[in-house]
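Read the figures in this text as sums done on the coordinates, not as results from a lab. Because the structure is predicted, anything quoted here is derived from the model rather than measured. Virtual Cβ from ideal backbone geometry, glycine too; neighbours counted across all protein chains shown.
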Amino acid sequence: MIPASFDYVAPTTVEEALAALAQYGDEAKVIAGGQSLLPVLRMRLNAPEWVIDLGRIDSLRGIRDEGDSILVGATTRHSDVATDPLVAEHAALVARATATVADAQVRHRGTFGGALAHADPAGDLGAPALALDAEFVIAGPGGERVVPGSEFFQGLFETAVSEDELLTGVRIPKHTGWTAHYEKFVRVAHQWPICAVGATLKVSGGVIEGAAIGLTNMGSTPLRAAGVEQALVGQQASEEVVRNAAALAADGVEPPSDLNGDADYRRHLVTVLTRRAITKALGASWT
Amino acid sequence: MTAVEARPDNATEIGRDRRRKEDARLITGRTRWTDNINLPGMLHLAMVRSPFAHANITGIDTSAAESSEGVVAVLSAKDFDESLGACINAWPITPDQKTPDHPPIAGDRVSFAGEIVAVVAARSAAAARDAAEMVEVDYEELPAVVSLEEAVKDEVLAHPDLGTNKSALWVFDSAQAGTGGSVDDAISTARQDGIVIERTYRQQRLIPAFMEPRSVVCDPTGEQITVWSATQIPHILRFALAATTGVPESKIRVIAPDVGGGFGGKLQQTPEEMLVFAMARRLGKPVKYTETRSESLMAAHHGRDQIQKLTLSATKDGQVTGLKVELDANLGAYVAIVGGGVPVLGAFMFNAIYKFPAYQFNCQTVLTNTAWTDAYRGAGRPEATYAIERLMDELAVEVGVDPLEIREKNWINHEEFPFTTVAGLTYDSGDYATATAKAKEMFGYDELRREQAERRANNDPVQLGIGVSTFTEMCGLAPSRVLGSLDYGAGGWEHAQVRLTPTGKVEVITGASAHGQGHETAFSQIVADRLGVPFEDVEVLHGDTQIAAKGYDTYGSRSLVVGGEALVRAADKVLEKAKPIAAHLLEASVEDLEFTGGKWTVKGTDQGMSIGELSTAVFAAHNLPDGVEANLDSEATFDPENFNFPHGTHLCAMEVDTETGQVKMRKYVCCDDIGNIINPLIVAGQVHGGLVQGIAQALWEDAVYDDAGTLVSGSFVDYLLPTAADTISFDIDHTTSPSTTNTLGTKGVGEAGTIASTPAVVNAIVDALRPMGVNDVAMPCTPERVWRAINEGSAGGGTTDAAAPHFDPSTGMSGTADRPEGDVQ
Ligand SMILES: Cc1cc2nc3c(=O)[nH]c(=O)nc-3n(C[C@H](O)[C@H](O)[C@H](O)COP(=O)(O)OP(=O)(O)OC[C@H]3O[C@@H](n4cnc5c(N)ncnc54)[C@H](O)[C@@H]3O)c2cc1C
């Protein structure tokens, strides 16, 4: 598979990248890890005239402690996110979800920001980011703006980042001490999830004080299971509480139908996976 | 298993688990695959393919493409004459078979999505690809027929000019053949006072998915036109090129260099090969075409795609009295080289290891607007094995006994070999009881049954099922006479040559054409033993019609059992030729010579000569007996008298998560009888790989078309191939009943694992769910299907024929996410 020919530029600062975007407009595409863009180019689903590589912009890579939150640079690779101590401590759900992405090869090239900007509803990172109330830092010709997850994800492959903008990083409020589990359901290991549920909880003395539940591939964007969260918060953690809460996971969702399962099946599946995700996040012995 | 490289000098090569000598070059990429071949002045081709399954072509505008940079020619059907040749069907299964013409490039009408409508030649592959996108083809869409169920109705026709989609009806009836009784009588008796089991099973469509995509290079500049192709069948390709283009065979040389897998998928004479040949001749320059993976999935031949309607009759206590098979087989848009014959290869195997008194097989082959189907690992026998092994489980349930017990009641006993079956084949050897006993022990059968009972009693959300498959198959294709009697257009012998170089090295030439099997290693072991030379001194040459001039290539688990025997005979002829020369040089009489440990020795003396010393003496030819030619080289052609019948008992334990429908393999053991083993390491590789491929049919792989005939599972994102992460370690072992049809006593192992494993897995899943009223789950057993089976008591139904879009043209940008028109280049 040979892509159509394109010109290539590799800026070293965000400003240069934005200038290139401004110059080439809709004839340009930025490339981060290339794990989604390259298949698009090679299958000739798109043929941009310019490819702007973010790989040499050092300021976009890495994870910083910002006090109440951590900032994950847009071009930080999945493999780095999955093994980062700050992420493990303050955003365990992100670490767990990232570790399930594709296979080792893809994780060593694909990036956190690239995956979120790609906005595949089956992508594993959107739901955890949404559940953890992440903020998306977007740089454009007019400077920087920050949008919450609820505004960032706009539809299938659609985000708040417009053609002349870049996602530079994602700020995740610290969820220190929260336990987490990402329950991903696949047929073969290297697959995008048919459905996945991320659960992260703050439990104190057996009482669930905080709950954040994100759903992957249950609609055209990542979703947050607010009803489930409400049913958990303030409750003593028990099998019955979890089961009843999880049963609400499918409320109002409109999942896709495809080769791996139709919408009805996914609606059922999400309740089972939600129960399991919460149970495992609790470290409970019941199943 | 560890590979032991050192050996005591007196040990034989046969039976050693030698590491494969070809692997260093294959694994490191040091070898040259077809796509690595670059010739001076070489041009590159790109194909323009139809996005529609069925359409009239009303116009082709090549002008933009022609003026694109680097383009040399853009041609469509009207630019070629009959010297382009045609794709042949070598096995018309009945005299009145309907066989649509199959030109390499579509003229007025396309019959499946992916069919070639124009070809671009350019100075680089990228330029060719760019120009291919500029060819404008006007299509007038026609109704397409995709599924077997629709096609047999003959309402929408895949080829309107044929007047029907039905290509051929092939029937075997044991009463007519005199090999058994009347199946209809058996069934009606059983309806009165016995058991009748009626089931319909679907063999989903599969894609061979070899690792190396197909690639062809043709150099027309020499006296002979040389074709390199990533093919399993260089000899057959050469024949087909000559037969259909009019170029004399002596002017064509075909080379299959190292080939990266085939699984039957490269047992084909392809449109792409014909076009490369024609373009090279026309342009007078070397030409190369390498397909993309998308093209490979869409337009290389597919496998399976059958619906089997089965009726089994038995006495109340489970003695089978008859089996009737009514099978529809989807040929796709054309009758491929052995397309119609694939289900016929299964016809003789539905009775499997059992003594059935009556049998009838009816096969209707059907044309549709889909990619053509042909051989895929097992070709006909996996389908047959699946059907009968699923039915035997159903019968066991009906009778209320263990599935192994029902098999034992019906199988051929060891003392009864050779045994002529109701399908008319004579099985030479086998021992089903011993293989089964061994497999049961390896598996811990009784213990797992106990665990199953416990989980059932506790209503465990994860249920356990145990699946059995006691398979046999016919392989070692094939006795030429039998092939002739089935109207197959070729023979089944194999050819070998053994050559000695002046320095005493051995060159072995085989007509088999390895594409990953390890022939170079196994054949070297055989010849090293036979001639008493070091393993390292044997070089195996193959896959080039100028070197290996005669051969029938590699498929149907034939290379060792047919080609290996030819090799043994050629080596023995070398020894026969050497003997009088050795006697002469040792000044002894022929009667006093014996050949041991690679040396001719004079009995009772310490005088001797090795085969190496003899070849040097023959090279010099200073002192040969009168009238003896200075040549030890020998050749042999072996035509087997019978097929070859490996068998084995496979046991599989599956855990089924009843809440999600997810299935997980817990344990898989098999005890196969493949006769004598030349190289246990290679055998283990074949068994493990074969098992995974069969398991993949049960659980993952499915080539899905939508109603319009677009291949939905058109990439590896949607056509699910397993990796090592999805499988477990298998426990494999063997019993040994040497085959009597070749002197090495070997049986084929290339397809055994694939043939056996599919029903073992599905039987296990169904076994887990029996208490929930489930008696079938359609393949592949996706979690969705399993869940539906549990909740609806059905076989799980169909799946949504839409793929999840992971790669979107507008990815990462705000705005519309609509995908452009299906572009299939
Ligand atoms: C075989 C395979 C399996 C996969 N399986 C999974 C899986 O199981 N789960 C999962 O979540 N993902 C999976 N992925 C996707 C993977 O996570 C990709 O890495 C990710 O979707 C894209 O990240 P990238 O850095 O490679 O982005 P690229 O491919 O470089 O870019 C993707 C898109 O985002 C845009 N973009 C990238 N960075 C920015 C930015 N900073 N600002 C604005 N726009 C930007 C690009 O222009 C492009 O449109 C898989 C990919 C492959 C190839």
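Where Lys and Arg each count +1 and Asp and Glu each count -1, what net charge lies around B:E441 among other residues with Cβ under 12 Å from its Cβ?
-2
Please compute the Kirkwood hydrodynamic radius over chain A, one decimal place, Å, based on all pairs of different Cα atoms.
It works out to 19.3 Å.
Extending each Cα 7 Å along its Cβ direction at B:R481 and B:E223, get the distance between those two points in nm, one decimal.
The two pseudo-label positions are separated by 4.1 nm.
Hull surface divided by four, with the convex hull built on the Cα atoms of the range A:179-282: how many nm²?
The orientation-averaged projected area of the Cα hull of the range A:179-282 comes to 6.0 nm².
Let me know the mean shielding of B:656-662 by other chains, meaning the per-residue number of their Cβ atoms within 10 Å of its Cβ.
The shielding value for this peptide is 4.
Compute the distribution of all C-alpha to C-alpha distances in chain B, in bins of 20 Å from 0, and list the percent of pairs in each, rounded to whole numbers.
Calculated over all Cα pairs of chain B, the distribution is 15, 46, 32, 7, 0 percent.
Can you give me the span-like helices of chain B, meaning DSSP H runs with 20 Å or more of Cα extent along the axis and Kyte-Doolittle mean at or above 1.0?
For chain B, where a helix must reach 20 Å along its axis and average at least 1.0, the hits are B:680-699, B:752-769.
Among A:H268, A:P222, A:L282, flag the residue with its Cα farthest along the positive direction of the charge dipole of the range A:221-287, charges on Cβ as +1 for Lys/Arg and -1 for Asp/Glu.
So the residue furthest toward the plus end is A:L282.
Per residue of A:38-48, how many C-beta atoms from partner chains lie within 10 Å of its own C-beta, taken as a mean?
Mean partner-chain Cβ count within 10 Å for A:38-48: 5.
Evaluate the Debye formula for the range A:7-56 with equal point scatterers sitting on the alpha carbons, no solvent, and hand back log10 of I(q)/I(0) at q = 0.18, 0.29 Å⁻¹, in q order, two decimals.
At q = 0.18, 0.29 Å⁻¹ the computed log10 ratios are -0.51, -1.13.
Using the crude model of +1 on Lys and Arg Cβ and -1 on Asp and Glu Cβ, and no other charge, please compute the dipole size for the range A:58-173 relative to its Cα centre, in debye to 20.
The dipole magnitude comes to about 320 debye.
Between beta-carbons, use under 9 Å as the cut-off and find the net charge around B:P640, counting Lys and Arg +1, Asp and Glu -1.
Local charge sum for B:P640: -3.
If you take the charge dipole of the protein assembly as shown about its Cα centre, with +1 on Lys and Arg Cβ and -1 on Asp and Glu Cβ, which of B:W600, B:N89, B:M47 is farthest toward its positive end?
Going by the Cα projections, it comes out as B:W600.
For the range B:445-536, give the magnitude of the charge dipole about the Cα centre (Cβ charges: +1 Lys/Arg, -1 Asp/Glu; no others), in debye to the nearest 20.
180
For a quick check of your reading of the filter: which trypsin sites (Lys or Arg not before Pro) in the range B:53-123 sit in a DSSP loop and have no more than 11 other Cβ atoms within 10 Å?
Here no loop site has a sparse enough neighbourhood.
Check the straight Cα-Cα distances from A:K202 and name the lysines below 17 Å, setting aside those fewer than 8 residues away within the same chain.
Straight-line reach from A:K202, under 17 Å: A:K174, A:K280.
Hey, what did chain B get for relative contact order, percent, Cα under 8 Å, at least 6 apart?
The value is 15 percent.
Cβ under 13 Å from B:V618's Cβ, B:V618 left aside: what net charge do those residues give with Lys, Arg +1 and Asp, Glu -1?
0
List the lysines whose alpha-carbon lies under 25 Å from that of B:K599, not counting same-chain residues fewer than 8 positions away?
Correct list for B:K599: B:K505, B:K573, B:K577, B:K579.
Using only Cα atoms, find the angle between the long axis of helix A:14-24 and the longest principal axis of chain A, and express it within 0 to 90 degrees, rounded to the nearest 10.
For helix A:14-24, the angle is close to 60 degrees.
Give me the distance in nm between label points sitting 7 Å out from Cα along the Cα-to-Cβ direction at B:E136 and B:A549, one decimal.
About 5.4 nm, to one decimal.
Please work out the Kirkwood hydrodynamic radius for the protein assembly as shown, using every pair of different C-alpha atoms, and report it in angstroms with one decimal place.
Value: 31.9 Å, from the Cα pair sum.
Of the peptides B:231-240, B:787-796, how do they stack up when ordered by the mean number of other Cβ atoms within 10 Å, highest first?
Most protected by this proxy first, the peptides run B:231-240, B:787-796.
When you look at the Cβ of every residue in B:559-570, what mean number of other chain Cβ atoms sits within 10 Å?
0
Equivalent ellipsoid semi-axes for the range A:58-173, as square roots of 5 times the alpha carbon gyration tensor eigenvalues: give them largest first, rounded to whole Å.
For the range A:58-173, the semi-axes come out at 20, 16, 13 Å.
Would you list, by chain and number, the lysines whose Cα falls below 23 Å from the Cα of B:K667, excluding same-chain residues fewer than 8 positions away?
Those lysines meeting the cut-off are B:K438, B:K440.
How big is D for the range B:184-235, in µm² s⁻¹ as a whole number, if Stokes-Einstein is applied with the Kirkwood radius of its Cα pairs at 20 °C and 1.002 mPa s?
128
Treat every Asp and Glu Cβ in the range A:179-282 as -1 and every Lys and Arg Cβ as +1, leave all other atoms uncharged, and give the resulting dipole magnitude about the Cα centre to the nearest 20 debye.
260
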